[in-house]
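Below: one structure, written as structure tokens.
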Amino acid sequence: MLHYSHIVETMDYLQQAKSEGKTIGFVPTMGALHEGHLELMRRAKRENDLLCVSIFVNPIQFNNLADLEKYPRNLSADIQLLHTVSCDVLFAPNAKEMYPEAITETFDFGALEKVMEGAFRPGHFNGVGVVVKKLFEITMPHKAYFGEKDYQQLAIIQKLVDMESMPLEVIPCPIVREADGLAMSSRNARLSEREREIAPRIFQILQQAQGLVSQYSPGQLKQWVINEIGKTKAFTLEYFEIAEDKGLQLINHWDTSIGSLGFIALNLGNVRLIDNIRFI
Ligand code: AMP
């Protein structure tokens, strides 16, 4: 595996590979890799000639400094895991390499950024847009792989690619869960033993809610989930919303011709967790 920290050498190598007709599959990450990341990478490796992974904890997408400081980092363990999926190129820059100058670029993602993560994490999606655009310019992938765990982020990135007419395909990948249903996340490592025991309750409630779609309106189901979450004192709910699967606008009645999902964000101790589930 080639391991680059500089933009120019990464671009040189990948440009050369592309000119030889090789296809590039790209998986951007913030490191602290787990099976969720590795699934994206295995797929990217299967579907392309070269697998390129980036590891960069992007400071400008954190709206909370404490969250950035506490974000788990373990490059040497990550490198071991990258070997297990036969990663070809690792691009792991530092912040100065990525942002030598102050960032002025702003995106307008419209209604997509006004709800849920966009509403609760001011500036988050602009930071995601800036870093992903730059990473795409550096790696020039044919296909880029993103997890449905961050469903709204996926929609934002698809919109970014459309707005900027970038010649690449965004590939959505299903959520990878622990055996007890907890969505895998780098942040799970920061849960205490007790919190880790409680955390699977999130997905249990989402699954139970899925079973109630035929009995409740979206508004009633939302209230039901809020009540259930409230029964676990360790949870501090940020939001639970039911939204359609394309523009992520909130819905107040079910329509079988329009896909819809439930989205949740909560704090468990000082760890922020998100998850989602398809209802229709
Ligand atoms: P992150 O390192 O958290 O920025 O995640 C990098 C990529 O991995 C993003 O596209 C995430 O959506 C994806 N990802 C993270 N956790 C999971 C998971 N449990 N299942 C599927 N994809 C995931």
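Figures for the structure shown
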{"quantity": "Whole-number percent relative contact order across region 186-275, with pairs defined as alpha carbons under 8 Å at least 6 apart", "calculated": "30"}
{"quantity": "Order by protection proxy (mean Cβ within 10 Å, highest first), peptides 108-121, 143-156", "calculated": "143-156, 108-121"}
{"quantity": "Rg to Rh, two decimals, where region 235-280 supplies the alpha carbon set and Rh follows Kirkwood", "calculated": "1.07"}
{"quantity": "The chain: angle of helix 218-230 to the longest principal axis, Cα-based, in degrees nearest 10", "calculated": "90"}
{"quantity": "Nearby lysines by direct alpha-carbon distance to Lys70 (threshold 27 angstrom, same-chain neighbours under 8 apart not counted)", "calculated": "Lys96, Lys114, Lys133, Lys134, Lys149, Lys233"}
{"quantity": "For the chain, calculated [θ]222 nm from helices alone, where every DSSP H run of n ≥ 4 adds -39500 (n - 2.57)", "calculated": "-11500 deg cm²/dmol"}
{"quantity": "Shape category assigned to region 160-233 from the gyration tensor of Cα positions, a/c cut at 1.5", "calculated": "oblate"}
{"quantity": "Helix 75-84 axis, angle to the chain major axis (alpha carbon atoms, nearest 10°)", "calculated": "80"}
{"quantity": "Lys, Arg +1 and Asp, Glu -1 on Cβ, resulting dipole of the chain about Cα centre, debye, nearest 20", "calculated": "580"}
{"quantity": "Set of lysines with alpha-carbon distance to Lys45 below 17 Å, sequence-local pairs under 8 removed", "calculated": "Lys18, Lys22, Lys143"}
{"quantity": "Accessible area per residue in Å² at 1.4 Å probe, computed on region 8-132", "calculated": "46"}
{"quantity": "Extreme residue, positive dipole direction of the chain, given options Gly127, Ile7, Ile242 (C-beta unit charges)", "calculated": "Ile242"}
{"quantity": "Descending semi-axes in Å of region 148-278, equivalent ellipsoid built from Cα gyration tensor", "calculated": "26, 21, 12"}
{"quantity": "DSSP beta bridges in the chain [antiparallel fraction, %, rounded to 5]", "calculated": "50"}
{"quantity": "Listed residues Lys231, Lys134, Lys222, most fluctuating in the chain (Gaussian network, C-alpha, under 10 Å)", "calculated": "Lys231"}
{"quantity": "Inverse mean reciprocal Cα-Cα distance (Kirkwood Rh) of region 2-173, Å", "calculated": "16.4"}
{"quantity": "5 angstrom amide H check on Asn270, placed H, neighbours 5+ away", "calculated": "none"}
{"quantity": "Ranked by how many other beta carbons lie within 10 Å on average, peptides 187-196, 250-259, 25-34 from highest", "calculated": "25-34, 187-196, 250-259"}
{"quantity": "Folded to 0 to 90 degrees: helix 201-210 orientation relative to the chain principal axis, Cα", "calculated": "70"}
{"quantity": "Charge dipole of region 186-275 about the Cα centre (unit charges at C-beta), most positive-ward option of Thr256, Leu206, Gly219", "calculated": "Leu206"}
{"quantity": "Å² per residue, accessible surface of region 186-275 at 1.4 Å", "calculated": "48"}
{"quantity": "Mean Cβ neighbour count within 10 Å, used as a protection proxy, ranking 164-171, 205-212, 260-267 highest first", "calculated": "260-267, 205-212, 164-171"}
{"quantity": "Rounded percent of accessible protein surface that carbon and sulfur make up, the chain, 1.4 Å probe", "calculated": "50"}
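The values are calculated or read from the model by the stated rules, or taken from the named source; none is laboratory data. Since we're looking at a predicted model, the values are computed, not measured. Here Cβ is always computed from backbone atoms with ideal geometry, including for glycine, and neighbour counts include all displayed protein chains. For accessibility, only protein heavy atoms count, side chains too; no ligands or nucleic acids. Shrake-Rupley method; radii C 1.70, N 1.55, O 1.52, S 1.80 Å.
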